[in-house]
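Right, one structure below, let's go through it.
Taken together, the values in this text are just the output of simple stated rules run on the coordinates, not laboratory data. Note that this is a predicted model, so its numbers are computed, not measured. In this analysis, Cβ positions are derived from the backbone assuming ideal geometry, glycine residues included, and neighbour counts consider all displayed protein chains.
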Amino acid sequence: MFGFVITADDRPGMVATATEAAARAGVNLRAIYGMANGTTGMLALVGDDDAKLRAALAATGLQVREVELVTIDAEDRVGSGAELARRLADRGVNLELLLQISHTGSQVEVAIGATDTAALRAALAQP
């Protein structure tokens, strides 16, 4: 699974362009997160079909960077995110993306991207 991170000038229309491209390609978006700082906008998309989303976004001309994601299930409770972040930080994992994919009852599915996916996988395997 990949997260597709789009970086563009902060102006109206970038989110519409990216999400319309995904829709035309028949991609269901599992996660979408955006932010802007007044000059630059960033949008992270996770879809149900990486190949289709990759092709759809490439056709938009937007600047897109792919981040490999690892998914985990975590308990939905106060502090679980902080515990995960500390565990990864203490093992030297540099995070690129941290996205909620789904939420069911007391469980949350989280997708995590890091600069070193192998180190991320190793850190997640350790208690």
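Brief remarks follow.
- Residues Arg87 and Asp49, FRET efficiency given R0 of 41 Å [Cβ-Cβ distance, rounded to 0.05]: 0.85
- Highest mean packing first, where packing is the average number of other Cβ atoms within 10 Å per residue, the peptides 118-124, 9-15, 39-45 line up as 39-45, 118-124, 9-15.
- Under the convention that each Lys and Arg Cβ holds +1 and each Asp and Glu Cβ holds -1, the size of the dipole of the stretch 68-125 around its Cα centre is about 160 debye.
- With R₀ fixed at 22 Å, the C-beta to C-beta distance from Thr40 to Ala119 puts the FRET efficiency at about 0.20.
- A simple charge model with +1 on the Cβ of Lys and Arg, -1 on the Cβ of Asp and Glu and nothing else charged puts the dipole of the stretch 1-63 at about 60 debye relative to its Cα centre.
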